[in-house]
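Structure first, then comments.
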Amino acid sequence: MALDTKYRPLCFEEVIGQDATVCILREFIRSGAGFRQSYLFCGPFGSGKTTLGRILARALLCDSPVEGAPCDQCLSCQTILSGGASFDFVEVDAATNSGKDNIRKIIDQIQYSSFSGKRRIYLFDEAHQLSRDALDALLKPMEDNVPGTTDKRLVCIFCTTEPEKMRATVVSRCAPSFIIRHAPL
């Protein structure tokens, strides 16, 4: 097992060097505002963007978050932690699934999940590789609210090493960008 996988943080407390980002993310969860926008994590390779995205997704989907962090005891947390297939959390490698057809499938899945009332979160790793058409296809679902709430129908977590390649229209639908830097030695 690679060291980065073996020692990957599993909770906000284990994340090193990103105190301000962790504090803001926990407050989104505590206040109930987590589903009101999408998220953009940008920074160099290996800085923890995807790790933070996974922890955030778990906290958002958690049945009983503890002070803005996932409880790691509920079925949702356990499913995501085990790496098993989760209906509610989908991680997409945008480097290989970057086209409009891939996004169309996601939008179709959102339609079905809205019938059941379940929330879904999509994490796009290497998000800068999504095509222009794919990003455009995400815009409408990202701005639509769940009827009767201020929560968004589609919450995306974009992780990228090249934020300048992200469409401004997509970035405008995200919380302020989180700049993730390497932890100090």
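Along the positive direction of the dipole of the chain (beta-carbon charges: Lys, Arg +1; Asp, Glu -1; about the Cα centre), which of Gly43, Leu154, Ile179 reaches farthest?
Leu154
Treating only the Cβ atoms of Lys and Arg (+1) and Asp and Glu (-1) as charged, compute the dipole magnitude of the chain about its Cα centre; round to the nearest 20 debye.
So the dipole magnitude of the chain works out to roughly 320 debye.
At most 14 other Cβ atoms within 10 Å and a DSSP loop assignment: could you name the trypsin sites (Lys or Arg not before Pro) in the range 110-185 that fit?
Of the trypsin sites (Lys or Arg not before Pro), the ones in loops of the range 110-185 whose Cβ has at most 14 other Cβ atoms within 10 Å are Lys118, Arg181.
Apply the Kirkwood formula to the chain: the hydrodynamic radius equals the inverse of the mean of 1/r over all pairs of different alpha-carbon atoms; give it in Å with one decimal.
Here the Kirkwood hydrodynamic radius works out to 16.6 Å.
Compute the FRET efficiency between Arg167 and Leu81 as 1/(1 + (r/R0)^6), taking r as their Cβ-Cβ distance and R0 = 45 Å, and round to the nearest 0.05.
With a Förster radius of 45 Å, E is 0.90.
Report the Cα centroid-to-centroid distance between the range 160-176 and the range 11-70 in angstrom, as an integer.
18
How many Å² of accessible area per residue for the chain, probe 1.4 Å?
Ligands and nucleic acids excluded, the figure is 52 Å² per residue.
Taking the range 1-64, which chymotrypsin sites (Phe, Trp or Tyr not before Pro) meet the DSSP loop condition and have no more than 12 other C-beta atoms within 10 Å?
Here the sparse-neighbourhood loop sites are Tyr7, Phe45.
Fully extended, how many nm does the chain gain between Gln109 and Glu143 (0.36 nm per residue separation, minus their Cα-Cα distance)?
Fully extending the segment from Gln109 to Glu143 adds 10.6 nm.
Where the accessible area of the chain is counted over protein heavy atoms with a 1.4 Å probe, how much of it, in %, is carbon and sulfur?
The computed percentage sits at 54.
Please work out the FRET efficiency for the pair Lys100 and Thr150, using the Cβ-Cβ distance as r and a Förster radius of 22 Å; give the result to the nearest 0.05.
For R0 = 22 Å, the calculated efficiency reads 0.20.
The values are calculated or read from the model by the stated rules, or taken from the named source; none is laboratory data. Being a predicted model, the structure only gives us computed values, none of them experimental. All Cβ positions, even for glycine, are placed from backbone atoms using ideal geometry, and neighbour counts span all protein chains on display. These area figures cover heavy atoms from the full protein model, side chains too; ligands, DNA and RNA do not enter into them. Shrake-Rupley method; radii C 1.70, N 1.55, O 1.52, S 1.80 Å.
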